[in-house]
């Protein structure tokens, strides 16, 4: 009987030891998982901060007050201007989008709404925005704008008509 008591106590001692080892093992695993989770949380927080900053910048760019100077250009194309020449001119205007300080370029063609006051001889119009007069002046000297002026010169019946205004 003494032998069975010793075996029973030995098993209990080993069980206790096993439970302690298992608890230590699980705690270590939990700490590893916890540190991995903490690291992942920090990465996600960093990504979120970057996205919030980008969102803030986009909101500022879409704020009309961020780019209050509006420059509008009207073009009177030559009557016999071919489709190929029109495409070249259109693409030269579109290339203005690549000027970093020029914003919100829009380009359109005249739409006849039977209004006697309309400027129907000005077939094309494009409009853009600038942060300030200094950016507008840089645009005037930018190589892309100068190339557009060169391309447009032989394709227009008259010099472009411009209208500038400031958003309030």
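The values are calculated or read from the model by the stated rules, or taken from the named source; none is laboratory data. Values in this document were obtained by computation on a predicted structure and should not be read as measured data. Neighbour counts run over all protein chains shown; Cβ positions are idealised from the backbone, glycine included.
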Out of all the residues in region 110-121, is one or more free of Cβ contacts under 8 Å to residues at least 40 places away in the same chain, surrounded by 11 or more Cβ atoms within 10 Å (Cβ to Cβ) and not in a loop (DSSP other than H, G, I, E, B)? no
Check whether at least one residue in region 132-139 is touching a residue at least 40 places away in the same chain (Cβ under 8 Å) and part of a loop (DSSP other than H, G, I, E, B), and report yes or no. yes
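Out of 101, 126, which single residue is at pLDDT 95 or above and surrounded by 12 or more Cβ atoms within 10 Å (Cβ to Cβ)? Walk me through it before giving the result.
Working: 101 fails: at pLDDT 95 or above.
After applying the criteria, what remains is 126.
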Does any residue of region 75-84 turn out to be closer than 30 Å to residue 154 by Cβ, part of a helix (DSSP H, G or I) and modelled with pLDDT of 95 or more? yes
Of the conditions (1) closer than 21 Å to residue 153 by Cα; (2) modelled with pLDDT under 95, residue 106 satisfies every one except a single condition; which number is it? (2)
